[in-house]
1. I need every pair where a residue in region 56-69 that is within 16 Å of G122 (Cα to Cα) has its Cβ under 9 Å from the Cβ of a residue that is surrounded by 16 or more Cβ atoms within 10 Å (Cβ to Cβ) and of a type in the set (G, A, S), sequence separation at least 6 or different chains.
2. If I filter region 75-117 down to residues being of a type in the set (D, E) and in contact (Cβ under 8 Å) with a residue 40 or more places away in the chain, which single residue comes out as farthest from N58 (Cα to Cα)?
3. Could you say whether any residue in region 33-51 is out of contact with any His (no Cβ under 9 Å at 6 or more places or on another chain), part of a helix (DSSP H, G or I) and within 24 Å of Y126 (Cα to Cα)?
4. Of the numbered conditions (1) part of a loop (DSSP other than H, G, I, E, B); (2) closer than 22 Å to F135 by Cβ, S22 fails exactly one; give the number of that condition.
5. When you go through I41, I47, I2 one by one, which is the residue that is closer than 22 Å to N115 by Cβ, of a type in the set (V, I, T), out of contact with any Asp or Glu (no Cβ under 6 Å at 6 or more places or on another chain) and loosely packed, with under 11 Cβ neighbours inside 10 Å?
6. Condition first: of a type in the set (S, T, N, Q), more than 21 Å from Y26 (Cβ to Cβ) and not in a helix (DSSP H, G or I). Now tell me which residues in region 86-140 satisfy that.
7. Across region 11-21, what is the total count of residues that are closer than 18 Å to F103 by Cβ and either of a type in the set (D, E) or surrounded by fewer than 12 Cβ atoms within 10 Å (Cβ to Cβ) (or both)?
Amino acid sequence: MIWSPKKEIAKLPEEIKPYYLSEAEYLFEDLRNNKLKIVLIPAPRKIHQMHMIRVLENPNPFWYKELYSSNNHFRRDRSIKSLIRIIEKKDKEFKNIKYKYDFVYRELIHDRLINGFDDEKGNKIYPNNKVKYFFEEISYQNSLEKLIPFCNSDFETETKYFDDVPF
């Protein structure tokens with residue numbers, strides 16, 4: 001079975017599941033601790049006596065800004081609930097709109113682990129090699145099985161197909 005972000009975290013192989021859970025915990029803490037906050041301050045060039053301007057005091061996390069801009073009506077409260085479900089391994093498979101957030105966050109986590117990402121300061125965060133190589137190996141095995149139909153996942157030929165061959 002090949003895991004994809006449409007499937008729940010519980011179906012991930014045990015050797016890579018901790019990486020996904022750890023990334024979900026990081027995203028949860030980052031979202032919980034960095035809530036958008038805008039404050040009013042006196043305008044530098046006042047047009048009238050009570051002229052104020054809005055200033056960003058605390059921004060949303062960069063990754064959340066990208067999700068928010070690419071998904072219509074993306075909500076913070078649903079994001080937090082979804083990340084909690086993922087951390088507790090209670091997320092559900094994406095079959096209907098009810099579990100869209102679970103899918104979006106599993107897809108984000110998967111992408112960050114496989115491809116890496118740039119943090120808010122522009123630093124390159126490299127992919128997790130164990131996770132990346134795990135999925136590359138599975139992809140390779142599946143393509144090999146398609147090319148050589150008698151090859152199992154251990155790369156050994158099955159002898160039952162060659163019992164009657166005279167050599």
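1. Sorted first by the residue in region 56-69, then by its partner, the pairs are Y64/S79.
2. So in region 75-117, the residues of a type in the set (D, E) come out as 77, 88, 91, 93, 102, 107, 111.
Now narrow it down to the ones that are in contact (Cβ under 8 Å) with a residue 40 or more places away in the chain: 91, 93, 102, 107.
Details: D91: 30, E93: 34, D102: 26, E107: 26 Å.
Residue satisfying both the conditions and the ranking: E93.
3. Taking region 33-51 as the starting set, the residues that turn out to be out of contact with any His (no Cβ under 9 Å at 6 or more places or on another chain) are 33-41, 44, 46-51.
If we keep only those that are part of a helix (DSSP H, G or I) as well, we get 33.
Those still in the list that are within 24 Å of Y126 (Cα to Cα) too: 33.
Yes: region 33-51 contains one or more residues that are out of contact with any His (no Cβ under 9 Å at 6 or more places or on another chain), part of a helix (DSSP H, G or I) and within 24 Å of Y126 (Cα to Cα).
4. (1)
5. Values: I41 fails: closer than 22 Å to N115 by Cβ; I47 fails: closer than 22 Å to N115 by Cβ.
One residue alone meets the criteria, I2.
6. Filtering region 86-140 down to residues of a type in the set (S, T, N, Q) leaves 96, 115, 123, 128-129, 139.
Filter again for more than 21 Å from Y26 (Cβ to Cβ), leaving 96, 139.
Listed by number, the list holds a single entry, N96.
7. So the count comes out to 0.
Here, each number is a calculation from the coordinates, and none is a lab measurement. Values in this document were obtained by computation on a predicted structure and should not be read as measured data. As a convention, Cβ positions derive from the backbone with ideal geometry for all residues, glycine included, and neighbour counts pool all protein chains shown.
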